[in-house]
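S.K.: Please find one structure pasted underneath; my questions will follow.
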Amino acid sequence: MPRRGQFKDRSGETIGNRKLLKRDLNRGVNSDGHMREPYYLNECLTCGYVGSNGISSINKVKDSTQCTKCMNRLHRRAVDIKGKTFGEWKVIGYTRRLMTPGGNSYYVAECRCSCGTKRDVPVYNLIRGLTKSCGCLQKINSGCHGKSQTPSGKLFVQRRLEAKKQGVPFTISIEDVVVPEFCPVLGIKIEPGRQGKGKGIEDNSPSLDKFIPELGYVPGNIAVINWRPTG
């Protein structure tokens with residue numbers, strides 16, 4: 001196991017809404033002096049609370065804008081999040097308090113997933129980003145056979161999710177999505193490396209389009225072209 005000092009010091013970095021202040025060398029160390037994982041004193045940029053957490057737990061909630069103290073305040077107020085969207089969940093009901101057999105309480109909200117599934121979801125999990133969907137996203141990715149991060153796989157996942165939301169047929173397989181070197185319409189080179197959420201969409205990014213929109217994503221009705229509009 002790694003000894004003290006063998007982990008990269010990430011003090012000063014910001015992960016989500018947490019700023020890593022300095023290493024907490026009193027935690028995360030076994031009795032023999034070997035370190036399981038580095039702990040950091042970290043500040044919540046939302047409320048200013050400073051706590052000590054392992055780097056794995058900090059990375060797990062990097063998409064959250066709330067720390068434990070923030071959530072405690074929200075739970076006490078039974079925050080109203082009706083109408084808000086968290087990932088594929090949309091909150092369609094008011095929050096309500098539930099009691100556990102041990103006497104603790106927590107709040108849940110009635111939610112509807114983008115695929116239509118309705119479920120009571122803990123408010124804590126929604127706001128901290130610990131749940132993204134009812135599980136349909138995993139099912140969508142499962143059709144990629146381990147190729148979800150390839151250019152074809154990314155187009156396949158994006159369009160399959162859009163087809164589910166729009167209610168149009170989607171019967172193609174990932175083998176039907178072939179990204180050519182050059183756009184079959186304009187003849188310019190397609191650069192798959194430029195695609196991806198948050199990276200911006202360039203004119204020569206690939207796009208999976210339908211010849212006849214109402215037919216949906218079915219074999220023979222799709223083509224991968226570049227993003228540049230033809231009009």
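The values are calculated or read from the model by the stated rules, or taken from the named source; none is laboratory data. This structure is a prediction, so every number in the text was calculated from the model and none was measured. Virtual Cβ from ideal backbone geometry, glycine too; neighbours counted across all protein chains shown. Ligands, DNA and RNA are stripped out before the accessible areas are found, and what is left, the full protein with its side chains, is counted by its heavy atoms. Shrake-Rupley method; radii C 1.70, N 1.55, O 1.52, S 1.80 Å.
S.K.: Being surrounded by 13 or more Cβ atoms within 10 Å (Cβ to Cβ) and within 14 Å of Pro184 (Cα to Cα) is the filter here; which residues of region 204-224 pass it? Break it down into steps so the answer makes sense when it comes.
M.R.: Residues of region 204-224 surrounded by 13 or more Cβ atoms within 10 Å (Cβ to Cβ): 204-210, 215-218, 221-224.
Asn204, Ser205, Pro206, Ser207, Leu208, Asp209, Lys210, Ile222, Ala223, Val224 - these are the residues of region 204-224 that are surrounded by 13 or more Cβ atoms within 10 Å (Cβ to Cβ) and within 14 Å of Pro184 (Cα to Cα).
S.K.: Among the residues of region 81-113, write down those that are open to solvent by 40 Å² or more (accessible area, probe 1.4 Å), of a type outside the set (D, E, K, R) and over 14 Å from the mean Cα position of the chain (by Cα).
M.R.: Listed by number, the residues that qualify are Gly83, Ile92, Tyr94, Leu98, Met99, Thr100, Pro101, Gly102, Gly103, Asn104, Ser105, Tyr106.
S.K.: Now, a different point. So, in region 13-36, how many residues would count as being out of contact with any strand residue (DSSP E or B) (no Cβ under 6 Å at 6 or more places or on another chain), open to solvent by 50 Å² or more (accessible area, probe 1.4 Å) and in a loop (DSSP other than H, G, I, E, B)?
M.R.: 5
S.K.: Taking interchain pairs and intrachain pairs at least six residues apart, which have beta carbon atoms under 7 angstrom, with the first residue in region 180-201 and farther than 15 Å from Gly153 by Cβ and part of a loop (DSSP other than H, G, I, E, B) and the second at pLDDT below 80 and basic (Lys, Arg)?
M.R.: So the pair list comes out as Leu186/Arg228.
S.K.: Looking only at residues that are open to solvent by 50 Å² or more (accessible area, probe 1.4 Å) and closer than 12 Å to Arg128 by Cβ in region 48-71, which one is farthest from the chain's Cα centre (by Cα)?
M.R.: Among those residues, the one meeting the criterion is Thr68.
S.K.: Being in a loop (DSSP other than H, G, I, E, B) and over 12 Å from Val218 (Cα atoms) is the filter here; which residues of region 146-178 pass it?
M.R.: Gly146, Lys147, Ser148, Gln149, Thr150, Gly167, Val178
S.K.: Now for a different question. For a quick check of your reading of the model, give me the residue pairs whose first member lies in region 46-69 and is on the phi > 0 side of the Ramachandran plot, whose second is open to solvent by less than 40 Å² (accessible area, probe 1.4 Å) and small (Gly, Ala, Ser), with beta-carbon atoms closer than 8 Å and at least 6 apart or on different chains.
M.R.: So the pair list comes out empty.
S.K.: Another question, if that's okay. Only residues that are of a type outside the set (A, V, I, L, M) and within 15 Å of Lys8 (Cα to Cα): list them for region 35-54, please.
M.R.: Scanning region 35-54 gives Arg36, Glu37, Pro38, Tyr39, Tyr40, Gly54.
S.K.: Scan region 130-152 residue by residue and report those that are modelled with pLDDT of 80 or more and not hydroxyl-bearing (Ser, Thr, Tyr). Before the answer, list the steps.
M.R.: Keep residues of region 130-152 that are modelled with pLDDT of 80 or more, which gives 130-134, 151-152.
Matches in region 130-152: Leu130, Lys132, Cys134, Pro151.
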